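Have a look at the structure below, then the notes.
The values are calculated or read from the model by the stated rules, or taken from the named source; none is laboratory data. Being a predicted model, the structure only gives us computed values, none of them experimental. Don't worry about glycine lacking a Cβ; one is built from the backbone with ideal geometry, like all the others, and counts go over all protein chains shown. Note: accessible area is taken over every heavy atom of the protein model, side chains too, but ligands, DNA and RNA are not part of it. Shrake-Rupley method; radii C 1.70, N 1.55, O 1.52, S 1.80 Å.
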Amino acid sequence: MLRWSLKLVCYEYDIKYRPGKGIGNADALSRWTSVNAAEARGMGSLADVLLLEEPPSGLNLDAAKIAAETKKDPVLQKVLFHVLHGWTGKNTDPTLQPYWTRREALSHNKECLLWCNRVIIPASLQQQVLKVLHAPHVGIVQTKAYARGYVWWVGMDARIEATVTVCELCQAVRNNPPRDPHTWILPDKPWSRVHVDFARPFQGKTFL
Ligand SMILES: [Zn+2]
């Protein structure tokens, strides 16, 4: 149960009790087995950490570079200390609050900090990562979804929104909904195919 709570900590969810007699089939929760010890501790396997294993194309970053910048980041150094040595019962440092609230799902891998399976990007690298996330120019929602598979930092969503909102290419995509990809085969001669649709209101009636 602890393992599942750690996996789901990134989501908002409600838990509903269902008696065993009401469940006819075997459920995943009761059959789920730990792949390795790291996963059992809620740290996520390396394969889950996409940024470290399969970074997006165009992102000239690797774990060593992120680890080096993490070491220079004073806030992340405090976070790493607490991840290694434990958190206090109550946080009094405002800069640590976003991390304290996520403390159950924070871990480290290759000397990089992780929130669930997302690498926490130090401030010095955020602009570089943001540029790659934004490169496809797919608008706010899809850029955020793309980011969620790889990275997180405090205020990341707001940075994405601010960047995309002023981007002409992203706005052009937003204002042009995707066209219907269906194309009709051209008929050989006139009236060989007739399309009909509803037409209304016309003189108070609907016509087919
Ligand atoms: Zn854009």
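Residue count for the range 66-92 satisfying the condition of being in a loop (DSSP other than H, G, I, E, B) and open to solvent by 40 Å² or more (accessible area, probe 1.4 Å): 5. When you scan the range 153-172, how many residues do you find that are more than 9 Å from the ligand (Cβ to nearest atom) and open to solvent by less than 20 Å² (accessible area, probe 1.4 Å)? Here the count works out to 3. Any residue in the range 125-141 that's on the phi > 0 side of the Ramachandran plot: show its pairings with residues that are part of a helix (DSSP H, G or I) and at pLDDT below 90 at Cβ separation under 6 Å, as long as the two are six or more apart or on different chains. Partner pairs satisfying both residue conditions: His137/Leu169; His137/Cys170; Gly139/Cys170; Gly139/Val173; Gly139/Arg174. Scanning the range 93-109 for residues that are assigned to a loop (DSSP other than H, G, I, E, B) and open to solvent by 70 Å² or more (accessible area, probe 1.4 Å) returns a single hit, Thr101.
Across the range 110-158, the number of residues qualifying as touching a strand residue (DSSP E or B) at 6+ places or on another chain (Cβ under 7 Å), within 14 Å of Asp62 (Cα to Cα) and in a loop (DSSP other than H, G, I, E, B) comes to 2.
Annotation note: of Val138, Val129, the sole residue that is surrounded by fewer than 20 Cβ atoms within 10 Å (Cβ to Cβ), modelled with pLDDT under 95 and either under 24 Å from Cys170 (Cβ atoms) or within 16 Å of the ligand (Cβ to nearest atom) (or both) is Val138.
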